[in-house]
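Since every read-out is calculated from the coordinates, none of them should be taken as a lab result. Everything numeric here is computed off the predicted structure, so don't read it as measured data. Virtual Cβ from ideal backbone geometry, glycine too; neighbours counted across all protein chains shown.
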């Protein structure tokens, strides 16, 4: 069975059974006059709600307590609640760590989870994270990335083209999009 088009004729249960690109989700939301901003999981929630009710999902406005950005950051400064990766913070970390500094996901999560720690603690954590051999978790919304990683963990003799061919086949099917050994059948 081929994947159905994303229209209002789908039920939310049918929608959940198939993989849709973020751009397809945005196109659908735009065509229905609904909000198109946010991550893939947010777009999917809006669509599911809309398919179930025919109404727009009312979302809570996030209230963000942003520190005055004119306040100088020092090694002793507290990270603070609702940490945001801003240009002044990037410059601070680049000055302390070097031009190779990047706000990687794992480090961002650490910063948000440790609001009472200092920027010196953050720098120490950054180095620990950089030196860690632990694989970074891939978010649920990045199914393609997870599939490709899992594919190569089981098939180091295959090419990226093989992995992509298997992914394209897998996402066209009803059900989950996790790698399975039987996906290799498409290569024969």
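Cβ crowding within 10 Å, taken as a proxy for footprinting-reagent exposure, orders 56, 185 from fewest neighbours to most as 185, 56. Kirkwood hydrodynamic radius computed over the range 112-188 comes to 15.0 Å, based on all pairs of distinct alpha carbons.
As a test of the formula, what do you get for the chain when each DSSP H run with n ≥ 4 contributes -39,500 (n - 2.57) and the sum is divided by the residue count, at 222 nm and rounded to the nearest 500 deg cm²/dmol? After summing the helix terms and dividing by the residues of the chain, the value is -14000 deg cm²/dmol. Note on the chain: with a GNM built from Cα contacts shorter than 10 Å, the maximum mean-square fluctuation among 74, 118, 11 falls on 74.
Entry note: the range 86-135 has Rg to Rh equal to 0.93, where both radii use alpha-carbon atoms and Rh is the Kirkwood radius. When percent of Cα pairs over 30 Å apart is calculated for this entry, the matching label among (i) 32; (ii) 13; (iii) 44 is (iii). Pairs of Cα atoms in the range 143-187 fall into 10 Å distance bins, from 0 up to the last occupied one, in shares of 31, 64, 5 percent. If you line up the long axis of helix 40-53 against the longest principal axis of the chain, both from Cα atoms, how many degrees apart are they, to the nearest 10? The helix 40-53 is inclined about 50 degrees to the chain. Highest mobility in the GNM of the chain, judged by mean-square fluctuation with C-alpha springs under 10 Å and restricted to 16, 89, 133, is found for 133.
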